[in-house]
Amino acid sequence: MILNDIRRFSTSAYPEELRQSAWSEVLARLLLANEPAPRGQPALNGHLSGHISACSSAFDSVFAQLASSPQVLLPLADGAHGHARGKHAGTVLVLALQAGHGTLTDTQQADASPVGIHAGDIMLLDPAQAWRIELHTDFRAMLVKLESASFVLRLVRTGAQELNRISTRVGVGAVCLGLIQSVADELAYIGRDELPPIEATLIELLVTCLSHRSQDAQERAEPEDTNPDTTSVQLAHLRRVCRTLESRLGDAELQIDDIARLEGLSTRYIQKLFKAGATSFTEYLKSRRLERCRLDLGNPALAHFSISELCYRWGFSDAANFSRAFSARFGQSPKAYRAAPPKDIEEQLRRGRPAQTAGPVAPPVDRSAPAGDDTRRQFQNLLSDHARYAIALALSPKRATPTSHDAQHPHHPPTDEHQPPPGHYYLPVSAKTVHWGYFSRSIKPVLTVHSGDIVTIETLTQHATDDCERMIAGDPGAESVFHWTADKKAVDRRGAGPMDASIYGRGAGEGFGVHICTGPVYVQGAEPGDVLEVRILDIQPRPSRHPEHEGRLYGSNAAAWWGFQYNDLLTEPKKREVITVYEIHHGHAHPHAKAVYNYRWTPQTDPFGIRHDTIDYPGVPVDHATIDKQFGVLEKAVVPVRPHFGVLAVAPREKGMVDSIPPSYFGGNLDNWRATKGARLFLPVAVDGALFSVGDPHASQGDAEACGTAIECSLTGVFQLVLHKKAALADSFLSELDYPFLDTPDEWVLQGLSYPDYLAELGPHAQTQVYKKSSLEAAMRDAFHKARHFLMKAHQLSEDEAISLISVAVDFGITQVVDGNLGVHAVIRKAVFPDHSGELTPGAG
Amino acid sequence: MDGHICGPGCTHGVTKENEGEIKEEFHTARRSFLRDAMVMGGSAMSIGALGVSMSPAAFAQSAQPGGGMTRHFYIPAHANTVLWGYFSKSAKPVVEVDSGDYVTIETLTHHANDDAERMVKGDAGAESVFYWDKQKKNVNRRGAGPMDAKVGAGGGEGVHVCTGPVFIKGAEPGDILEVRIIDVVPRPSGNPAYKGKSFGSNAAANWGFHYGDTLTEPKKREVITIYEVDATGERNWARALYNYRWTPQTDPFGIVHPTIDYPGVPVDHKTITKNENVLRNIRIPVRPHFGTMGVAPAEAEFVTSIPPNYTGGNIDNWRIGKGATLYYPVAVKGAMFSVGDPHASQGDSELCGTAIECSLTGTFQLILHKKNSLPGTPLADLQYPLLETQDEWLLHGFSYANYLAELGPKAQSEIYSKSSVDKALRDAYHKMRHFLMTTQGLSEDEAISLMSIAVDFGITQVVDGNWGVHAVVKKSIFPARGT
């Protein structure tokens, strides 16, 4: 099986009882087995959680990004994969640990003791040897399964230790780590045909690291122990010779003397090296040239060159000669080869070591060869391996290792003093009851409630400053939150970025997260593994308090730079941001919104003097003297309202601050208008007390939220918070819930996300990566997995039944394409299950 | 019933009573769109014209009225009235109609042979189309591929049994063909044992989004589920009867089909294991519609019926049912309208590859809008299929708006590897913006704001090569022009 089939794998797609076996099956493709962690912290809800993104190269090597809960990794035992060990001879596993720690034990040696391993370590592992990696924490690692990299393995074996850790502090090791890291970041954008040059570069780097090691070993070695080192020096020379030869293939006049001169070696010595590999310089040169010609002949991009032109290109001076040599080697004339389907090339590339017909023609065994069978094999292997990667190397672009720019995330929340209103379940919005632009498990709760309590929560839209007069003036709550003068900003931190705005200089928190969230509310007795049910009992408008607009309701829609339209406009200027202010007529039989005016965003200078050319920081007051209002826009359009909350969240389990923009397993910025009055949202509790927050109120939004925002309009919600303890959920669907689940009067809505748990899956830079890597395809895939899980677990359907039902009766829609972690939802009508009570909690009916 | 096609004066299939009913339907399903078009057009239309537009015949007024009398044709499904798996601009039309004429068209699902007992047997039309023994195969070409393809003639490159084409007199490239779906009824089983019932098949097939991504083994299985639909139309839901796993099937010519790789291969029920009692107590609300409907593209002689395109085709949107109207840009002379791929129900995304594939009969009115009558109306500049339902307008975005033109000579195979939901959304966004700007007279900024707050984007299908995302806008948003 090819790992490529599963470019992305996540245990979250599987019901709990199948997770371990699914995980083992995927690990087996990477030649790994696993055991549960002997010690260390349990994973969330005690579930095994694992994510893999993988890409396999045209040579069948695999680059895989792993993120998982604590466990023990072992080499795959014989037979477990149905292959003899010999099948994987030549395979090397390169494991680069990116986060987490544990130990590595060489169980090949009876008395070996565990060695500590840490983030930043690179280990070279031979799948045919015995070893044991215990990971005591959640971890992330890049695993590279290199095929036919036997020469790396030989270096591994000639090294001092069987378990090779590469120092990655400085020098080549650090470059190696950087390369692996950048491959991990770009994995989703690298095709199988683009991997070989990277693979080749990685091998070269590893070889270089290991040569340092073997030189060290050599220096320490006893004088009489010189024989193996002579061999490795010769191999190193041969490698250099091959590399030089590869770069000169096109030179028709190339002679062994030229190479000898270039490499500072004697002609005789070079001859000896090739002889050790059971071939000769001339023979090898010819085979390399023929191979290059063959690749060119199969390349459709070169179809306009004649065969003679191609063979001249690779140093053949006579076309007839070339044709004969080609036919003799490949059993087909160049012309016939060219006519054959080009997929053959890929087949040849994939098959790895050239097959007998294509390999260097082995002359009869020469007894006078300088070494025994083993040594000869080493030389032969080197030649064929080199031949394989040479092509990739020749094509390899010079690639700089990007340096990662890591934002500083201070781990302390703003210093909110709070007075929990005793026995009082009305949560007003003020500078003291909000956290702006981020979630965190360490924000102090503003209110503590018991399961079943009802809480009325006021929320504010962060776009109120688009028209301060209509949406802020005279409203004490809004004035408290938005207060910002030259010397005082009531809520300084806006976003999860650094307080000193050291990245972009936009302002404290950098606007990495924009939503004003009211809360958090601590729910007594809530623990990780429980489920919090949020019932939305009512949604009330927050009318304007300005004398001129008293009692009227307004909202703002920003067609912003993060919208789907931004780089795709018809009219000039091509990169504009436009704010449209709407009035909501809520006292009407058919509540609706109508546009009042719109204006183009102009650079705004905030009270601290920072200029915002685009909408890059929330709550910057727009100076209406700088803008040009167009009244009479959308004159005839009457938009039906769908009041809802874009953000409904419990605190994430991760430490530190989490950007409020991308939705995830803990809910957050789902931006689904179905989270409206009458709906119930179930969220998996990740921290003690659940820490529920709500924000991003919308008067109306369409599926996709195309231009970046909805009608952003301050609203007040009435919520009932019901806690479902894990123990009481028994074996129900909710007991396995590790994603937000929305239950409306007529429908169940499964919210697929491009990355269902992006923080776990994407690692330390998840909050940056998620904006780059999301796709609707992945969100659609996740929505499918969740709909299937729901139908199988909550309705006891078999998988085949669930799949048929999904195709004929479940509607998939695009939730949003603007929140980093893109969303696709699956809507299941309750009418499909006429006998079902609609309740999912045990004992509820 | 043979291949006889009924015209005016023939009572075959159309009685006086249902003629009346159809007219009645038409009054109630009346669209406001064209009337608005005239309002938009302003000076071009007289008040008098607005008045007449309330009567059915007058809908066709922008076209040649065909002697003042609309006619009603009936096209039965028969080996000589279908094209199987392709559109072709040069196929021989089964009938020529005038703008404004009605046509009742029988369509057959290409999955009928998953349970021939229920869906083919005793049904003369279906038997004629599906007839296939050692010597003879009534409809040999199935797909736009080569006639000597390994899996069978036409290569199964295109699978839908499409009834037609219908030639619309006077239609030329640049015109718009309006197709009103007046009625859709299920096709009752011809087998007396199943009197009063209709059946459909859902195949979780190798081209499905789920394929290879299943929890249980074997990972690469194909599963057929047979559903029952009430043929009288009284019960508005379908239920599952049984399912079975696809086993290699040998067709009458001796070719083995290890997977569902060719349409209309009769499934030998001796080789399969049926699981009864699947999806118990589950009711699938029916949404009868036509998955494939459209006009012939100009780009190639034979065009596979699978990927949808600017000429319509296999859009697979369940909203293309009774009461809906489609507007297609005419690409070839006579438009060459055909319809097939009938579905009893489907969810947005058609995830496993098919819907409840169930033979249906539709009644359509075909109205031609000549190019020179379009300027100033919402149909001016329409280069993609537009769907209008009772309450909504829908635009269909595809990964490639016109894949035949964009992907070049190998388009019909390349489209399968190049599609994405992201691209389809981009196209849906472009089309909706275009629609709002041209038909509602909005500026770009107005259109964009409206799209974010009041337009819903859904995933039509991810299984037809050219993936689809639709954009839905409610007519009630524009009360000034709505009904």
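Heavy atoms of the protein only, probe of 1.4 Å, neighbouring chains included. What is the accessible area of A:HIS463 in Å², nearest 10?
Near enough 10 Å² of accessible area.
Step through the table entries A:LYS830/B:LYS274; B:LYS121/B:LYS197; B:LYS423/B:LYS475, compare each Cα-Cα distance with 23 Å, and write down the pairs that go over it.
Cα-Cα > 23 Å for A:LYS830/B:LYS274; B:LYS423/B:LYS475; rest within.
Kindly sort A:TYR739, A:TYR312 by accessible area of their heavy atoms, largest first, with the probe set to 1.4 Å.
Ranking A:TYR739, A:TYR312 by accessible area, largest first, yields A:TYR312, A:TYR739.
For region A:733-778, what does the convex hull of the Cα positions come to per residue, in cubic angstrom?
Normalising the Cα hull of region A:733-778 by residue number yields 94 Å³.
Just how far, in whole angstrom, is region B:348-427 from region A:479-555 if you go by their alpha carbon centroids?
Using only Cα atoms, the two centres lie 43 Å from each other.
Net charge near A:HIS237: determine it from the other residues with C-beta under 12 Å of the C-beta of A:HIS237, scoring Lys and Arg +1 and Asp and Glu -1.
Cβ neighbours under 12 Å give a net charge of +3.
Could you report region A:641-772's accessible area per residue, 1.4 Å probe, as an integer in Å²?
Ligands and nucleic acids excluded, the figure is 20 Å² per residue.
Could you size up the charge dipole of region B:417-466 around its Cα centre, putting +1 on the beta carbon of Lys and Arg and -1 on that of Asp and Glu, and report it in debye to the nearest 20?
200 debye
About the Cα centre, and with charges only on the beta carbon of Lys, Arg (+1) and Asp, Glu (-1), how big is the dipole of region A:769-829? Nearest 20 debye, please.
For this selection, approximately 200 debye.
Could you tell me the ratio Rg/Rh of region A:472-539? Both radii from Cα atoms, Rh via Kirkwood.
When Rh is taken as the Kirkwood radius, the ratio is 1.10.
In whole Å, what three semi-axes, largest first, describe the equivalent ellipsoid of region B:371-481 built from its Cα gyration tensor (square root of 5 times each eigenvalue)?
Listed largest to smallest, the semi-axes of region B:371-481 are 26, 17, 12 Å.
Rank these residues by their accessible area, most exposed first, probe 1.4 Å: B:VAL185, A:VAL639.
Largest to smallest exposure gives the sequence B:VAL185, A:VAL639.
Kirkwood hydrodynamic radius of chain B from all distinct Cα pairs, in Å?
22.7 Å
On average over all directions, what projected area in square nanometres does region B:359-408 have, based on the convex hull of its Cα atoms?
Its average projected convex-hull area is 6.2 nm².
Cut-off under 17 Å on the C-alpha distance; same-chain residues fewer than 8 positions from B:LYS370 excluded. Which lysines are left, in chain and number order?
B:LYS169, B:LYS333
Hey, if we sort A:GLU25, A:GLU712 by accessible area with the 1.4 Å probe, largest down, what's the order?
Putting A:GLU25, A:GLU712 in descending order of accessible area: A:GLU25, A:GLU712.
Per residue Cα convex hull volume for region A:647-730, in cubic angstrom?
Hull volume normalised by residue count: 119 Å³.
Give the residue from A:VAL687, A:VAL633, A:PRO621 lying farthest towards the positive end of the charge dipole for region A:588-708; charges sit on Cβ (+1 for Lys and Arg, -1 for Asp and Glu) and the dipole is referred to the Cα centre.
Of the candidates, A:VAL633 comes out farthest on the positive side.
Show me you know the interface measure: the accessible area buried between B and A, both chains summed, probe 1.4 Å, in Å² to the nearest 100.
5700 Å²
Set Lys and Arg Cβ to +1 and Asp and Glu Cβ to -1, take the dipole of chain B about its Cα centre, and tell me which of B:CYS352, B:ALA428, B:ALA296 lies farthest positive.
After comparing all options, I get B:CYS352.
Under 16 Å between alpha carbons, and skipping anything fewer than 8 positions from B:LYS418 in its own chain: which lysines qualify?
Leaving aside lysines fewer than 8 places away in the same chain, those within reach of B:LYS418 are B:LYS410.
Just name one of B:GLY397, B:ASN275, B:ASN317: the one whose Cα is farthest towards the positive end of the charge dipole of chain B (beta-carbon charges, Lys/Arg +1, Asp/Glu -1).
The one lying farthest along the dipole's positive direction is B:ASN275.
For A:ALA328 and A:SER306, what is the calculated FRET efficiency with R₀ set at 22 Å and r taken between the beta-carbons, to the nearest 0.05?
The pair A:ALA328/A:SER306 has a calculated efficiency of 0.55.
Could you compute the FRET efficiency for A:ARG829 and B:GLU406, with r as their C-beta to C-beta distance and R0 at 41 Å, rounded to 0.05?
Between A:ARG829 and B:GLU406 the formula returns 0.65.
Using only C-alpha atoms and all pairs of different ones, pull out the Kirkwood radius for region A:733-845 in Å with one decimal.
Every distinct Cα pair counted, the radius reaches 14.8 Å.
Calculate, axis by axis, the spread of Cα positions in region B:115-236 along the three principal axes, and write the results as whole Å, longest axis first.
Ordered largest first, region B:115-236 gives principal extents of 56, 42, 36 Å.
Could you give each residue of region A:749-761 its phi-based ³J(HN,Hα) in whole Hz, using Karplus coefficients 6.51, -1.76, 1.60 with θ = phi - 60°, and x for Gly or Pro?
Values, residue by residue: 10, 9, 9, x, 10, 3, 10, x, 9, 5, 5, 6, 6 Hz.
In region B:231-277, carbon and sulfur make up what percent of the accessible area (probe 1.4 Å)?
49 percent
Per DSSP H run of at least 4 residues, take -39500 (n - 2.57); add these up for chain B, divide by its residues and hand me the 222 nm value, nearest 500 deg cm²/dmol.
Computed ellipticity for chain B at 222 nm equals -4500 deg cm²/dmol.
Taking only the Cα atoms of region A:565-656, how large is their convex hull per residue, in Å³?
195 Å³
Run a plain Debye calculation on region B:202-283 (Cα atoms as equal point scatterers, no solvent) and give log10 I(q)/I(0) at q = 0.23 Å⁻¹, rounded to two decimals, same order as the q list.
-1.17
Out of all Cα-Cα pairs in region B:208-364, roughly what percent, to the nearest whole number, are more than 25 Å apart?
In whole percent, the share of Cα-Cα pairs in region B:208-364 beyond 25 Å is 42.
Using amide H atoms built 1.01 Å from N in the peptide plane, name the residues 5+ places from A:SER61, or on other chains, whose amide H lies under 5 Å from its own.
For A:SER61, the qualifying residues are A:GLU147.
Could you give the dipole magnitude of region A:718-760 about its Cα centre, charging the beta-carbon of Lys and Arg +1 and that of Asp and Glu -1, in debye to the nearest 20?
Taking the Cα centre of region A:718-760 as origin, the dipole is about 220 debye.
Once you've got the Cα coordinates, tell me which of A:LYS793/B:LYS220; A:LYS574/B:LYS474; A:LYS444/A:LYS725; A:LYS575/A:LYS636; A:LYS726/B:LYS220 are over 31 Å apart.
Pairs exceeding the cut-off: A:LYS726/B:LYS220.
With N set to the number of residues, divide the alpha-carbon radius of gyration of region A:625-665 by 2.2 N^0.38 Å and report two decimals.
2.07
The values are calculated or read from the model by the stated rules, or taken from the named source; none is laboratory data. These numbers come from a predicted model, not from an experiment. As a convention, Cβ positions derive from the backbone with ideal geometry for all residues, glycine included, and neighbour counts pool all protein chains shown. We work out accessible area using only protein heavy atoms, side chains counted, and drop any ligands, DNA or RNA first. Shrake-Rupley method; radii C 1.70, N 1.55, O 1.52, S 1.80 Å.
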